[in-house]
1. Can you pull out the residues in the range 301-337 that are farther than 30 Å from Ile269 by Cβ and either loosely packed, with under 10 Cβ neighbours inside 10 Å or modelled with pLDDT of 75 or more (or both)?
2. Just checking, does the range 186-197 include any residue being under 30 Å from Arg248 (Cβ atoms) and more than 22 Å from the chain's Cα centre (by Cα)?
3. Taking the stated definitions as given, is Glu280 touching a His at 6+ places or on another chain (Cβ under 8 Å) and modelled with pLDDT of 80 or more?
4. Of all residues in the range 187-232, which are assigned to a loop (DSSP other than H, G, I, E, B) and not hydroxyl-bearing (Ser, Thr, Tyr)?
5. Please find, among Lys23, Lys39, Lys7, the residue that is surrounded by 12 or more Cβ atoms within 10 Å (Cβ to Cβ), more than 30 Å from Val134 (Cα to Cα), of a type in the set (D, E, K, R) and at pLDDT 70 or above.
6. Which of the following residues is in the same structural domain as Tyr216 (by TED's automatic domain parsing), more than 16 Å from Thr211 (Cβ to Cβ) and within 29 Å of the chain's Cα centre (by Cα): Glu245, Glu261, Glu291?
7. Of (1) free of Cβ contacts under 8 Å to residues at least 24 places away in the same chain; (2) assigned to a strand (DSSP E or B), Cys170 satisfies all except one. Which?
8. If you go through the range 234-246 one residue at a time, do you hit one that is of a type in the set (Phe, Trp, Tyr), farther than 30 Å from Ile92 by Cα and touching a Gly at 6+ places or on another chain (Cβ under 7 Å)?
Amino acid sequence: MRNPDKKTEAQKLREAAETQAKKKPGLSARALTHADATKLVHELEVHQIELELQNQELLSSKNKLRIEAQKYTELYDFAPMGYFTLSHTGEITELNHSGAKMLGKSRSDLMNRRLQLFISPEDIPAFNKFIEDVFKKPGSQNCEIEILAGKDQKLFAMFHGVVIESTAQCLLTAVDVTQRHLAVQALRESEEKYKTITDSTTDIIFIVDKTGKHLYFNEQVEHILGYKRDALIGRNFSEFVPLKELPRYLGQLSNAFLTKELKHFKTQIYHSDGHLVDVEINGKLIRQKGELVGEVTIKDISEQVKAEAALRKSEERFSLAMDAANDGLWDWDLAAATIYFSPGCYRMLGYEPNAFESTWGK
């Protein structure tokens, strides 16, 4: 049943218009001629049509605004990122479905609750500073925060905040960056593990780009060559190679990036005190941050080179002694099936030194 006391907006508007019309001095019907009355009626009819057309336009505009408002409401509510409107003290005054999902609660349960209640305790000081900066500093502010999304669930979000001047509130957008955060953390752990492994080896390990610039050194460079590794980062390896060895080193480096293979070779490099160190260089190409770089191992072979030189000198002395001796000496190597004859032995048998092979059976 219709309520007679309930008036429509049109009725209310009509009554208000009649009230105001009574207050204004009107024209006496007797003062109007027939022509004036006809003209007045015509004007009123035209004005009525104008009002009806304006009313239709207003209703159409209102309907369009309602549709637009509905569209933006849906965009807000169902956006893939979280939206939060906060008071100056951090209370949630509005949020969308994605924001509620991030916090693991319903929207109704989160209204007027402080967002800090859902922030990891370790990150609360940083978040409070972030909110303070949003209200005090011009422009957008941002920070990455760990959210307490559930009992055993970790969620990391990147917050961007801007103040709403007209309401003394701030609008935050929150993007879930958990996968990126975990990937960065895994990379950091991998780099730490790599550093631990390379620092425990007895050889120098360093990373070099295709131009020869140092990107990384392990601790052994300080023990073997005497350089502080931080002082070497960014410098070129060619600075530490003797001039006579430089063409060979540059050729090896260039060839390595062309053939994707770094062949081992022996060379010398300068110690920090200026003396040359005999080394053997080996390596391989790896990808680091998407770029192809060389992972190079430098082995100190100074003692090996000294031992080989001493052996050669000993063999030379032995050979000179044998050449000068009148006695004939021979040595039979059973494993290699070879026999060594001294020059004196050849002469005793009537041959010139090395006249025949020193092989058993010939």
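The values are calculated or read from the model by the stated rules, or taken from the named source; none is laboratory data. The structure presented is a predicted model; accordingly, all values stated were derived computationally and were not measured. Note that we place each Cβ from the backbone using ideal geometry, even for glycine, and neighbour counts take in every protein chain shown.
1. Answer for the range 301-337, where residues must be farther than 30 Å from Ile269 by Cβ and either loosely packed, with under 10 Cβ neighbours inside 10 Å or modelled with pLDDT of 75 or more (or both): Ala324, Asn326, Asp327, Leu334, Ala335, Ala336.
2. Checking the range 186-197: at least one residue is under 30 Å from Arg248 (Cβ atoms) and more than 22 Å from the chain's Cα centre (by Cα).
3. On the way: touching a His at 6+ places or on another chain (Cβ under 8 Å): yes; modelled with pLDDT of 80 or more: yes.
So Glu280 fits the description; yes.
4. Residues of the range 187-232 that are assigned to a loop (DSSP other than H, G, I, E, B), as a first pass: 201-203, 209-212, 218-219, 225-228.
Matches in the range 187-232: Asp203, Asp209, Lys210, Gly212, Asn218, Glu219, Leu225, Gly226, Lys228.
5. Being surrounded by 12 or more Cβ atoms within 10 Å (Cβ to Cβ), more than 30 Å from Val134 (Cα to Cα), of a type in the set (D, E, K, R) and at pLDDT 70 or above holds for just one of Lys23, Lys39, Lys7, which is Lys39.
6. Glu261
7. (1)
8. Start the filter on the range 234-246 by keeping residues that are of a type in the set (Phe, Trp, Tyr), which leaves 237, 240.
If we keep only those that are farther than 30 Å from Ile92 by Cα too, we end up with 237, 240.
Keeping just the survivors that are touching a Gly at 6+ places or on another chain (Cβ under 7 Å) gives 237.
Yes, some residue in the range 234-246 is of a type in the set (Phe, Trp, Tyr), farther than 30 Å from Ile92 by Cα and touching a Gly at 6+ places or on another chain (Cβ under 7 Å).
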